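The values are calculated or read from the model by the stated rules, or taken from the named source; none is laboratory data. It should be emphasised that the depicted structure is a prediction, and the values quoted were computed from it without experimental measurement. As a convention, Cβ positions derive from the backbone with ideal geometry for all residues, glycine included, and neighbour counts pool all protein chains shown.
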Ligand SMILES: Cc1ncc(C[n+]2csc(CCOP(=O)(O)OP(=O)(O)O)c2C)c(N)n1
Ligand SMILES: [Mg+2]
């Protein structure tokens, strides 16, 4: 992916604090939490010496040793189960599953085990486990390495679902996820790892789960987006501004728990809503957000809610087809014009 | 043969064997009366495995259990009142009536829970062992599984992980020769299940799972060696269900002569024989244990009957509202 030598990445942590890469922010969060709490450890495929496919665990083996940075064989279901067992007995594991697509091998452990234990045991036990994974299309990785599957986890009571869009959010939310006592599905986006942004240099920078963020303020329309759809919506909003349309971009950051109030407040202000979701449209989180908004802010809406989402299809390999299957800036712009009654063909 | 067992030890084993027998027999009655709902998989016929293995565990140890898990829970020292309350869905149960037969757990005793998913607890047990080692605890985890559980991919994965990481895990395969109606020999070309251990560089052994002392001795040796860093190990305990897969399965596929053969090797009868012949107990003493167990069972059922129902308000309040 990148030619950055391993040591450089970590050397950059403290030097220029100005802009930090998303993957570096995640790395900082892991390292800080591991330093703070000896119960935190990480396990996954190729995360040790190799530092992980996206370099998020770079340098952790050197600092914390092989005992806390554990390279696992290709046995996703079982090493996630190992994480659950460790979480049940006093540890705080962070399990890495290389691609969200591979969590399909682990669904029993996530859905029937991790999500259920606390409830089935009458509150006797907690599963403070973070399952870090990454999803999304954009690199021509085709149908089994490009999916956006957050809706599957969103659907399961007992799981929290976190999807950061910026380096600062990635860091603050990962730290909070590690300290949370529930199983957290922490979904990164493969196109975001190399993006840069400011990360507060304060000690213990944390963002509580369930607190969304206004990424851009605006009076005319509310654009709700998460993960990689946030930068895409912001880019669309810049173009729309040139037409005199001021879009407010709301990033819930965590889908479960959901910051409903932040979303509803924006809707009450702008009275127009476009929800942007990379995942396929059918059965998606966007549809659920639309149902929440119409139930709780119907009287404020000036028209139907628009959903811009992926096509209901597997992601094709061909790059042109791939981008045709997931929402692009132009799709967002057209949807905004439509809800505002402007000419959508322009 | 020198007898290394004290009367008190043999009494303890027999009391547990008989408690499981009485508990399961009573649960079947309660099920027929409609007091227990859902699935109920009796442990009848397999009692010696849970009792022998748990006798070899210490208070710091863990276990993960299966859908046929009442025996493990009792052998680990569960309170019959709270167990009965759980299985009848009452607030006073171990899991406040939210788990039931297939999910009963007692974290305070390191019993990480029964499991409704065959094979679902195997990796979790390996995680408990890893966690214990990371925390510098001297704990072993007994992972109970079944002939059906071994056919699931997580068994191989988990055994491999435990072996690759030298973890103190004792895998206990309760080979009762059927997964519902599927005989082991139709499920695999190699019906001697312990042999799978060798493929992962792990020592394993097949033993008579109805013989509580043989189970105890094997488990004690393996637990000791787990603590010495030699784990994991595999025990294949050969046994037999006394009846069908669950209360409503008549088990017509189980041949009569096979049932008869195993009835003669009833683990409770064998346990009673050990208590009398090796422990020097009298028939009156045995009868007194059984009467005592019966009374505890009656008391537990009465307790469960009197226990208040759990409510949706309690449940939602505890979990922090509608999720
Ligand atoms: C993954 C999974 N598949 C199927 C079932 C349904 N089921 C419950 S118990 C059982 C048979 C289990 O046989 P075995 O593993 O030998 O255990 P035993 O019942 O003999 O104790 C089956 C198929 C299940 N609970 N979980
Ligand atoms: Mg079986």
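Figures for the structure shown
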read-out: Residue check for residue B:214: in contact (Cβ under 8 Å) with a residue 12 or more places away in the chain, away from chain A (no Cβ under 14 Å) and away from ligand 2 (no atom under 12 Å from the Cβ); value: yes
read-out: Subset of the range B:90-107 [within 18 Å of residue B:42 (Cβ to Cβ) and assigned to a loop (DSSP other than H, G, I, E, B)]; value: B:99, B:100, B:104
read-out: Odd one out for residue A:228 among (1) outside the structural domain of residue A:279 (by TED's automatic domain parsing); (2) within 18 Å of residue A:99 (Cβ to Cβ); value: (1)
read-out: Residues of the range B:147-181 satisfying the condition of being within 14 Å of ligand 1 (Cβ to nearest atom), in a strand (DSSP E or B) and buried (at least 24 other Cβ atoms within 10 Å of the Cβ); value: B:171, B:172, B:173, B:174, B:175
read-out: When residues of the range B:115-146 are limited to those that are in a loop (DSSP other than H, G, I, E, B) and farther than 20 Å from residue B:219 by Cα, the one farthest from ligand 1 (Cβ to nearest atom); value: B:136
read-out: Subset of the range A:120-136 (residues that are out of contact with any helix residue (DSSP H, G or I) (no Cβ under 6 Å at 6 or more places or on another chain) and within 17 Å of residue A:154 (Cα to Cα)); value: A:131, A:132, A:134, A:136
read-out: Residue B:281 modelled with pLDDT of 95 or more, surrounded by 16 or more Cβ atoms within 10 Å (Cβ to Cβ) and outside any helix (DSSP H, G or I); value: yes
read-out: Count of the range B:10-23 residues which are surrounded by fewer than 24 Cβ atoms within 10 Å (Cβ to Cβ) and free of Cβ contacts under 8 Å to residues at least 60 places away in the same chain; value: 1
read-out: Residue within the range B:229-251 that is at pLDDT 95 or above, over 17 Å from the mean Cα position of the chain (by Cα), more than 16 Å from ligand 2 (Cβ to nearest atom) and not in a loop (DSSP other than H, G, I, E, B) present; value: yes
read-out: Subset of the range B:32-67 [in contact with a strand residue (DSSP E or B) (Cβ under 7 Å, 6 or more places away or on another chain) and within 16 Å of ligand 1 (Cβ to nearest atom)]; value: B:46, B:49, B:53, B:63, B:64, B:65, B:66
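To keep it simple, each residue is scored yes or no on (1) under 27 Å from residue B:207 (Cβ atoms); (2) within 16 Å of ligand 2 (Cβ to nearest atom); (3) within 13 Å of chain A (Cβ to nearest Cβ); (4) modelled with pLDDT of 95 or more.
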{"site": "B:55", "(1), (2), (3), (4)": "yes, no, no, yes"}
{"site": "B:58", "(1), (2), (3), (4)": "yes, no, no, yes"}
{"site": "B:74", "(1), (2), (3), (4)": "yes, no, no, yes"}
{"site": "B:79", "(1), (2), (3), (4)": "no, no, no, yes"}
{"site": "B:91", "(1), (2), (3), (4)": "no, no, yes, no"}
{"site": "B:107", "(1), (2), (3), (4)": "no, no, yes, yes"}
